[in-house]
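Q: Structure in structure tokens, see below.
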């Protein structure tokens, strides 16, 4: 299995605290030693970092923890391989361009039989179930022009429902405009807004006082496989319902 | 204008020395302050690093200079913006998946009028001439299945000839199997093989004795806009002829 992390915010926001909480699960307190990846959106552009090393050991992960990269939409993943070898082409998040937009996708779970779903123009580079599912999803989104956020949500929901019949299917998807979430087993979220308080990581000795780092209008929602902090209230993403984040708020 | 760097090798090879020679031209001794990018192939998978900061200042570039990443196919680029704003979506190299392979492309030059070329399924995310040219090229490669290296070379040659009528067109392309090169003005290369010697960067106080870092069978070819070292003999890529590198050797 794997762990997912996504962030949506109304201002470019530093995700290092949450990424640290995820990265220690990549081989230190968690078993997810088989690589990691993180994709930051800056407008329509992407900045990505990935490695086949465990995120707890990777110098690339250390750089991500050190750099104050600010973004309004982020997706990250630490991997424990089950389907597909440990190599870069099997490392999430996956992304593809469609209608001049980068779509980025990460999956937690297993989808036995997914490779029977026929593919069109998008083909997997690696051998994971997850990338096959992503290519299938993109084919459904490949209409005559870029679908609206609501249309992407509807199509994503239809595909996620189909995938969920195959197995564990916790998903995060973004096109830079919105973050689309789907849960069958594990996916939680928290929204931070004024008045901001302190948050303490569950798996690392790190506390941040968000009141010192934010302005009163900031709204930031973090989505993760399991709660990353132990002094805040995280909620479950509703089961088998597409949930859409835009600028840190659920739509 | 911009500067290009590409490497093809028969064994996974560390490109830090050449990248250092390129990175100092990104704002320190050269004017190319508008971002940089580097893509490493590991099998079919990619590891990429990019930044909108000048490569001489970027902490991401420092990481690339520090990390001993070994690869058989690398493309890198430092940018001085002329067409298109300074942002991540306009930062080379560009890449797209086609037939389950990542294709990666970087361009030095300007191609006025290129946006009149009609596009199919591949659409630019940013606003550069270069990305439009790449999308046009990919459409020509989008046949019924993955073209052979020789076929990619023929199609690349035909498209590059067409683009070269528009303006300065120095190109490097890779699909991980081969590096395809095209020059109208500036593109030079060097092949290093046994007996290896010492090389000294032209623009930075750095010398490497490749005899200490290689085995007798290693073959490494580096392609760049201008010679990176001042004690070795670099050759020009022939003008307006596609030249293809596989495992460090010209085919």
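The values are calculated or read from the model by the stated rules, or taken from the named source; none is laboratory data. None of these values were measured; they are calculated from a predicted model. Neighbour counts run over all protein chains shown; Cβ positions are idealised from the backbone, glycine included.
Q: From the list A:19, A:49, A:105, pick out the single residue that is within 16 Å of the chain's Cα centre (by Cα), outside any loop (DSSP other than H, G, I, E, B) and within 11 Å of chain B (Cβ to nearest Cβ).
A: Numbers: A:19 fails: within 11 Å of chain B (Cβ to nearest Cβ); A:105 fails: within 11 Å of chain B (Cβ to nearest Cβ).
Being within 16 Å of the chain's Cα centre (by Cα), outside any loop (DSSP other than H, G, I, E, B) and within 11 Å of chain B (Cβ to nearest Cβ) holds for just one of A:19, A:49, A:105, which is A:49.
Q: In region B:128-146, which residue that is in contact with a helix residue (DSSP H, G or I) (Cβ under 9 Å, 6 or more places away or on another chain) and within 10 Å of chain A (Cβ to nearest Cβ) is farthest from residue B:106 (Cα to Cα)?
A: Of the residues in region B:128-146, the ones in contact with a helix residue (DSSP H, G or I) (Cβ under 9 Å, 6 or more places away or on another chain) are B:128-133, B:136-137, B:140-141, B:143, B:146.
If we keep only those that are within 10 Å of chain A (Cβ to nearest Cβ) as well, we get B:131, B:146.
Values: B:131: 8, B:146: 21 Å.
Step by step, filter region B:128-146, then rank; the result is B:146.
Q: I've got another one for you. Scan region A:146-165 residue by residue and report those that are over 20 Å from residue A:177 (Cα atoms) and in a helix (DSSP H, G or I). Outline the logic, then answer.
A: First, the residues of region A:146-165 that are over 20 Å from residue A:177 (Cα atoms): A:161-165.
Selection gives A:161, A:162, A:163, A:164.
Q: In addition: Residues to consider are B:5, B:111; find the one that is in a strand (DSSP E or B) and away from chain A (no Cβ under 13 Å).
A: Details: B:111 fails: in a strand (DSSP E or B).
The unique qualifying residue is B:5.
Q: Among residues belonging to region A:57-68 that are surrounded by fewer than 20 Cβ atoms within 10 Å (Cβ to Cβ) and outside any helix (DSSP H, G or I), point out the one that is nearest to the other protein chains (Cβ to nearest Cβ).
A: Step by step, filter region A:57-68, then rank; the result is A:67.
Q: Turning to a different aspect of this structure: Is it fair to say residue B:85 is modelled with pLDDT under 90 and within 11 Å of another protein chain (Cβ to nearest Cβ)? Please lay out each step first, then the result.
A: Details: modelled with pLDDT under 90: yes; within 11 Å of another protein chain (Cβ to nearest Cβ): yes.
Answer is yes for this residue.
Q: Take the residues of region B:88-99 that are within 22 Å of residue B:159 (Cα to Cα) and within 10 Å of chain A (Cβ to nearest Cβ): which is surrounded by the most Cβ atoms within 10 Å (Cβ to Cβ)?
A: Let us first name the residues in region B:88-99 that are within 22 Å of residue B:159 (Cα to Cα), namely B:90-99.
Subset that is within 10 Å of chain A (Cβ to nearest Cβ): B:90-91, B:94-99.
Numbers: B:90: 24, B:91: 27, B:94: 29, B:95: 21, B:96: 21, B:97: 22, B:98: 22, B:99: 16.
If we take residues in region B:88-99 being within 22 Å of residue B:159 (Cα to Cα) and within 10 Å of chain A (Cβ to nearest Cβ), then B:94 is surrounded by the most Cβ atoms within 10 Å (Cβ to Cβ).
Q: Just checking, how many residues over region A:22-46 are in contact with a strand residue (DSSP E or B) (Cβ under 8 Å, 6 or more places away or on another chain), within 14 Å of chain B (Cβ to nearest Cβ) and outside any strand (DSSP E or B)?
A: Looking only at that region, the number is 3.
Q: Same structure, new question: Looking at residue A:149 and the list (1) touching a residue at least 12 places away in the same chain (Cβ under 8 Å); (2) more than 21 Å from residue A:186 (Cα to Cα); (3) within 14 Å of another protein chain (Cβ to nearest Cβ); (4) under 20 Å from the mean Cα position of the chain (by Cα), which single condition is not satisfied?
A: (3)
Q: Out of all the residues in region B:238-251, which are in contact with a strand residue (DSSP E or B) (Cβ under 6 Å, 6 or more places away or on another chain) and under 16 Å from residue B:75 (Cα atoms)?
A: Residues satisfying the conditions are B:243, B:244, B:245, B:247, B:248.
Q: Does any residue of region A:2-10 turn out to be touching a helix residue (DSSP H, G or I) at 6+ places or on another chain (Cβ under 6 Å), closer than 20 Å to residue A:72 by Cα and either touching a residue at least 40 places away in the same chain (Cβ under 8 Å) or surrounded by fewer than 24 Cβ atoms within 10 Å (Cβ to Cβ) (or both)?
A: yes
Q: Moving to a separate point now. Does residue B:71 meet the test of being modelled with pLDDT of 95 or more, crowded, with 19+ Cβ neighbours inside 10 Å and within 14 Å of chain A (Cβ to nearest Cβ)?
A: Details: modelled with pLDDT of 95 or more: yes; crowded, with 19+ Cβ neighbours inside 10 Å: yes; within 14 Å of chain A (Cβ to nearest Cβ): yes.
Yes; evaluated as a whole, the condition is true for this residue.
Q: The conditions are (1) within 11 Å of chain A (Cβ to nearest Cβ); (2) farther than 18 Å from residue B:183 by Cα, and residue B:117 fails exactly one of them. Which is it?
A: Of the numbered conditions (1) within 11 Å of chain A (Cβ to nearest Cβ); (2) farther than 18 Å from residue B:183 by Cα, the odd one out for residue B:117 is (1).
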